[in-house]
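K.L.:
Can you read through this structure? Questions will come right after.
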Amino acid sequence: MIKIEDVHKSFGDEEILKGITTEFDKGKTNLIIGQSGSGKTVLLKCLIGLFKPEQGRIYYEDRAIQDMDDEKQRQLREEIGMLFQGGALFDSMNIEENVMFPLRMFTKQKKADMVDRVNQVLKRVNLENVNKKFPAEISGGMQKRVSIARAIVNKPKFLFCDEPNSGLDPKTATLIDTLIQDITHENNITTIVVTHDMNSVMEIGEKVVLLKQGKLVWQGTNQEIFKTDNEDVTSFVYSSDLFKKIREVQLKEG
Ligand SMILES: Nc1ncnc2c1ncn2[C@@H]1O[C@H](COP(=O)(O)OP(=O)(O)OP(=O)(O)O)[C@@H](O)[C@H]1O
């Protein structure tokens, strides 16, 4: 579980996060949604310690990051898996080396054990016999699966995903979302996904937090998001013509 209390973050005179308070549950896919510029990425960066909020507290289970010394912060980093936007694989490393990278950074395992673990996670994301290929030799969807394998190779307790299905076709995007959710459930991970994809909200939004101009304006489940009359939610959800039409049909059918 990750809990945040009254988090404020400014750049110069501009306050970007204006007091965010919420909780992200363990074993669930928690989604941060909102329009471009609403502060999703800034919040994510505060959560992983890349930005320091001027005010407020962030707890990983019962540990506040504000109270951690360098060693404690290093330990916490080992518990975090990160799926970066675009995948961020190293082009000059093959798939095996890419996935092994966090193990080399954070552990002192023997090479054979690391290779075993890499094979385990590659199998989990349904990728086999690609170890010696380079990122440029596999499809975008496969690259995303490699990135997921790399994010979970060190058995993280917390998984952060920044726009995990950007640039993918709808079917592959759904596969990636479902994979993230399945892995979250199997390993009881606290997963936080930043997205503005309504399909992701529908599919994996077990908890959804909506940001608007740096404020948390609504939170609930993906079931609740389609029932609420909250204006901030409806203007975000039904800015898509497809969802507007679904809403009209739903209202007609009562
Ligand atoms: N390092 C920074 N320095 C100054 N301003 C920043 C910095 N990072 C973000 N901002 C500003 O914070 C605001 C929120 O940006 P953020 O990237 O969090 O939006 P977002 O909701 O993630 O948008 P998108 O969906 O387009 O990625 C923007 O106005 C942005 O210009």
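Every number in this text was worked out from the coordinates using simple rules, so none of it is lab data. All values derive from a computational prediction rather than experimental measurement. All Cβ positions, even for glycine, are placed from backbone atoms using ideal geometry, and neighbour counts span all protein chains on display.
K.L.:
Please give the FRET efficiency for E128 paired with D13, using the beta carbon to beta carbon distance and R0 = 41 Å, rounded to the nearest 0.05.
P.N.:
On the way: r = 53 Å, r/R0 = 1.30.
The value I calculate is 0.15.
K.L.:
Next up: ³J(HN,Hα) across region 199-210 via Karplus (A = 6.51, B = -1.76, C = 1.60, θ = phi - 60°), whole Hz, x for Gly/Pro?
P.N.:
Values, residue by residue: 5, 4, 4, 5, 7, 10, x, 5, 9, 10, 10, 9 Hz.
K.L.:
Here's something else I'd like to know. Let me check the size of region 93-212 from its C-alpha atoms; what are the radius of gyration and Dmax in Å?
P.N.:
Cα radius of gyration and Dmax of region 93-212 are 14.6, 48 Å respectively.
K.L.:
Please report the antiparallel percentage of the DSSP beta bridges confined to the chain, to the nearest 5. Walk me through the numbers before you get to the answer.
P.N.:
Numbers: 20 of 38 bridges.
Of those bridges, close to 55 percent are antiparallel.
K.L.:
All other residues with a Cβ under 14 Å from the Cβ of D6 taken together, and with Lys, Arg as +1 and Asp, Glu as -1, what is their net charge?
P.N.:
Working: positive: K3, K9, K18, R57, K215; negative: E5, E15, E23, E54.
For residues surrounding D6, the net value is +1.
K.L.:
Once both axes come from the Cα atoms, what is the angle between helix 170-187 and the longest principal axis of the chain, in degrees from 0 to 90, rounded to 10?
P.N.:
70
K.L.:
Calculate, for T21 and D169, the FRET efficiency according to 1/(1 + (r/R0)^6) with r their C-beta to C-beta distance and R0 30 Å; round to the nearest 0.05. Each step should come with its number before you reach the end.
P.N.:
On the way: r = 37 Å, r/R0 = 1.23.
That gives a FRET efficiency of 0.25.
K.L.:
Over region 1-115, what is the relative contact order in percent, taking alpha-carbon pairs closer than 8 angstrom and at least six residues apart? Working shown, then result.
P.N.:
Numbers: 110 pairs, mean separation 26.2, N = 115.
Here the relative contact order equals 23 percent.
K.L.:
Moving to a separate point now. As I understand it, the value is the acute angle between the Cα axis of helix 140-152 and the longest principal axis of the Cα atoms of the chain; what does it come to in degrees, rounded to 10?
P.N.:
That works out to roughly 80 degrees.
K.L.:
Give a residue-ordered list of calculated ³J(HN,Hα) values for region 125-138 (Karplus: 6.51 cos²θ - 1.76 cosθ + 1.60, θ = phi - 60°; whole Hz; x for Gly, Pro).
P.N.:
8, 6, 10, 10, 6, 10, 3, 9, 7, 9, x, 5, 8, 10
K.L.:
Within the chain, what is the longest stretch that has no trypsin sites (Lys or Arg not before Pro) placed in a DSSP loop and near at most 14 other beta-carbon atoms within 10 Å?
P.N.:
Numbers: sites that count: K108, K110, K132, K227.
For trypsin sites (Lys or Arg not before Pro) (loop position, at most 14 other Cβ atoms within 10 Å), the longest site-free span of the chain is 1-107.
K.L.:
Could you check the simple spin-label distance between D91 and V115, using points 7 Å along Cα→Cβ, in nm with one decimal?
P.N.:
Going by the 7 Å Cα→Cβ label model, 2.8 nm.
K.L.:
With the contact rule set at Cα under 8 Å and sequence spacing of 6 or more, what percent relative contact order holds for the chain?
P.N.:
On the way: 442 pairs, mean separation 69.9, N = 254.
Result for the chain is 28 percent.
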